[in-house]
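Student: Quick one: this structure, given as structure tokens, is what I'll be asking you about.
The values are calculated or read from the model by the stated rules, or taken from the named source; none is laboratory data. Everything quoted here is computed from the prediction, not taken from an experiment. Reconstructed Cβ throughout: ideal geometry from the backbone, glycine too, with neighbour counts over all protein chains shown.
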Amino acid sequence: MSDLLSRLQQLQSRFTWDLKQEDADLNNLCTRLQDHIELRLGDRGAVAYTYSLLAYVSFLQERRQEAASLLSQSEKTTRECYGVDSERRLIVTYGDLAWLKYHTGDYTQSQSYCQMVDDILLKYPTGSSTDLHPEVYGEKGWTYLKFLKSYYHKAIDCFRKALELQSDDSEWNAGCAIALYRTEPRVLETLQEAEESPAIKQLRRALEVNPDDCVLLSMLALKLFAYQKHQEADGLVETALKVDPDNPHVMRYVGKYLRIQGEDQRSIDLLKRALRRTSQSAFLHHQLAMCYKKMINAEYTTQPVNKHKVRQLRRPCIRHLDDAVRIKPTFVLAIGDLALMYAENKNLPRAEELFQQGLLHLSETDVTICQVFHLRYGDFHLYHRRQEAEAVAHYKKGLTLTPRTYEWKQCAKKLKRIAERRLSGGQDDAGAYGLLGLVARAEGDGRAAAELYEKALDCGEDRDDFLSALVELRLELQ
């Protein structure tokens with residue numbers, strides 16, 4: 001058995017790709033993969049990959065018979081899609097089957113699948129023992145992309161390696177574009193029309209290869225909107241809705257685009273239509289909630305505020321956020337939004353409970369989402385708990401994270417406002433000067449920061465953190 005295990009460990013398989021199940025929300029992943037299969041989403045090979053990944057998830061959930069059936073379905077779908085060109089696309093599937101048979105104690109069948117992989121590798125050799133076939137890089141990329149957000153950068157590396165070998169493949173180009181789209185900051189620090197982001201460049205490249213991919217069209221529209229290229233973005237949205245109007249992924253991105261543009265009701269109608277096709281989408285529920293939240297904010301800009309209408313809008317907003325968090329308990333962005341909604345509804349214990357839930361998942365969350373969460377938690381302490389010290393602590397955490405998103409700037413703005421209010425009575429306040437120094441340093445004004453830390457120390461408080469920051473700044477300024 002040791003020889004078989006040694007051979008298995010050399011296979012390209014989800015069982016050897018270090019997919020950490022303890023970090024993943026397997027129930028939510030299972031639901032999403034089942035939706036992808038039922039709706040036949042993605043390129044022609046995508047459904048086969050989805051069967052294989054769902055099989056691995058089923059194995060992790062100790063449903064081994066179901067996993068075997070799904071892998072058989074993956075093999076069948078691959079052969080139907082690619083015919084005589086199927087073999088290299090079955091390397092990973094056979095690797096998964098070899099591992100699955102090993103875990104069920106069927107060592108003869110496990111050996112047989114190992115031999116099938118060896119036969120394919122002998123028939124289609126690569127340049128060296130460390131090189132993989134583009135089909136393997138591609139399937140590995142899709143697995144990383146779908147399994148866990150923290151694996152997105154691994155997905156990009158895999159797709160790029162696949163593209164080095166097959167630069168015109170539509171699947172690898174699309175996968176790379178989607179991964180780059182998801183990893184780029186939600187709000188760029190600087191928007192220069194002449195310099196497009198890597199995600200935009202790759203989305204354009206993917207659409208050169210496959211102009212009819214309406215999901216990519218709608219994603220590109222969202223990216224272009226940030227670059228003020230509204231006319232081109234509008235055209236892409238209209239094309240996507242015309243060519244593939246019933247694709248729920250098209251509807252989700254276009255719905256988000258319409259909300260950003262201010263067409264809230266049109267966005268709500270589209271997102272609700274998408275939700276009828278895939279009701280267990282945390283993303284769609286969150287986007288719908290954001291439409292209602294935007295309408296609530298609009299009500300607060302009118303005088304007098306229609307409190308009855310605000311209460312009416314808050315109900316569906318909370319309902320959809322509740323659904324998003326129920327479907328995906330690790331959805332930190334939705335958790336923070338929901339917590340603040342409960343706070344505005346005067347349910348502070350439930351809000352605090354949600355913020356604590358969000359804190360548990362911050363370590364596995366994108367840094368820009370962490371900024372949003374700390375801003376939300378700071379606002380909760382400042383405006384609902386009247387706990388300024390706790391609010392400052394969260395704004396400071398948001399400020400220490402990069403890049404300079406809208407939320408980063410809001411954290412800086414609120415820290416300044418708190419510090420300036422403390423100093424407005426004419427009294428020196430070491431803590432207030434320290435906050436202003438922290439903000440100045442974060443904004444890149446080292447000289448102003450040093451002067452502010454000096455003022456903080458002149459107030460007579462013995463603060464090691466202020467002194468340490470001042471010494472570091474003086475060294476930087478030399």
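Student: Quick check on Tyr56: is it touching a residue at least 40 places away in the same chain (Cβ under 8 Å) and within 18 Å of His249 (Cβ to Cβ)?
Tutor: no
Student: Considering only the stretch 303-311, I want to know if a residue exists there that is in a helix (DSSP H, G or I), without any contact (Cβ under 8 Å) to a residue 12 or more places away in the chain and in contact with a helix residue (DSSP H, G or I) (Cβ under 7 Å, 6 or more places away or on another chain).
Tutor: Taking every residue of the stretch 303-311 in turn, at least one turns out to be in a helix (DSSP H, G or I), without any contact (Cβ under 8 Å) to a residue 12 or more places away in the chain and in contact with a helix residue (DSSP H, G or I) (Cβ under 7 Å, 6 or more places away or on another chain).
Student: Determine whether Asp264 is surrounded by fewer than 24 Cβ atoms within 10 Å (Cβ to Cβ), at pLDDT 95 or above and of a type outside the set (Val, Ile, Thr).
Tutor: no
Residue by residue, here is whether (1) within 13 Å of Val367 (Cβ to Cβ); (2) loosely packed, with under 13 Cβ neighbours inside 10 Å; (3) without any contact (Cβ under 8 Å) to a residue 40 or more places away in the chain holds:
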{"site": "Arg404", "(1), (2), (3)": "yes, no, no"}
{"site": "Arg421", "(1), (2), (3)": "no, yes, yes"}
{"site": "Ser424", "(1), (2), (3)": "no, yes, yes"}
{"site": "Tyr433", "(1), (2), (3)": "no, no, yes"}
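Student: Out of curiosity, is Glu80 at pLDDT 95 or above and among the acidic types (Asp, Glu)? Step through it out loud before you land on a result.
Tutor: Working: at pLDDT 95 or above: no; among the acidic types (Asp, Glu): yes.
Spelling it out, it is not the case that Glu80 is at pLDDT 95 or above and among the acidic types (Asp, Glu).
Student: If only one of Leu477, Leu382, Leu375, Leu401 is of a type in the set (A, V, I, L, M) and more than 21 Å from Ile335 (Cβ to Cβ), which one is it? Don't jump to the end; show me each part of the working.
Tutor: Working: Leu382 fails: more than 21 Å from Ile335 (Cβ to Cβ); Leu375 fails: more than 21 Å from Ile335 (Cβ to Cβ); Leu401 fails: more than 21 Å from Ile335 (Cβ to Cβ).
Only one candidate qualifies: Leu477.
Student: Can you tell me which residue among Ala343, Ala334 is in a helix (DSSP H, G or I) and in contact with a Leu (Cβ under 6 Å, 6 or more places away or on another chain)? Before the answer, list the steps.
Tutor: Details: Ala343 fails: in contact with a Leu (Cβ under 6 Å, 6 or more places away or on another chain).
Every option except Ala334 fails the conditions.
Student: I'd like to verify a number: residues in the stretch 1-43 that are within 18 Å of the chain's Cα centre (by Cα) and assigned to a loop (DSSP other than H, G, I, E, B), how many?
Tutor: The qualifying residues number 4.
Student: From Thr104, Thr93, Thr31, Thr77, which residue is within 30 Å of Arg326 (Cβ to Cβ) and of a type in the set (Val, Ile, Thr)?
Tutor: Just one listed residue meets the conditions, Thr31.
Student: Taking the options His374, His361, name whichever one is of a type outside the set (A, V, I, L, M, F, W, C) and in contact with a Ser or Thr (Cβ under 6 Å, 6 or more places away or on another chain).
Tutor: His361
Student: Then there's this: From the list Leu313, Leu338, which one is within 15 Å of Phe380 (Cβ to Cβ) and either assigned by TED's automatic domain parsing to the domain that holds Leu33 or buried (at least 17 other Cβ atoms within 10 Å of the Cβ) (or both)? Walk me through it before giving the result.
Tutor: Numbers: Leu313 fails: within 15 Å of Phe380 (Cβ to Cβ).
Among Leu313, Leu338, only Leu338 is within 15 Å of Phe380 (Cβ to Cβ) and either assigned by TED's automatic domain parsing to the domain that holds Leu33 or buried (at least 17 other Cβ atoms within 10 Å of the Cβ) (or both).
Student: Further question: Can you pull out every residue in the stretch 24-51 that is surrounded by 15 or more Cβ atoms within 10 Å (Cβ to Cβ) and among the charged types (D, E, K, R)?
Tutor: Listed by number, the residues that qualify are Asp25, Arg32, Asp35, Asp43.
Student: Also, I was wondering about something else. Could you grab me the full set of residues in the stretch 338-378 that are among the aliphatic types (A, V, I, L, M), at pLDDT below 95 and under 17 Å from His286 (Cβ atoms)?
Tutor: Selection gives Ile369 alone.
Student: Is it the case, given these coordinates, that Gly398 is of a type outside the set (Asp, Glu) and in contact with a Cys (Cβ under 7 Å, 6 or more places away or on another chain)?
Tutor: yes
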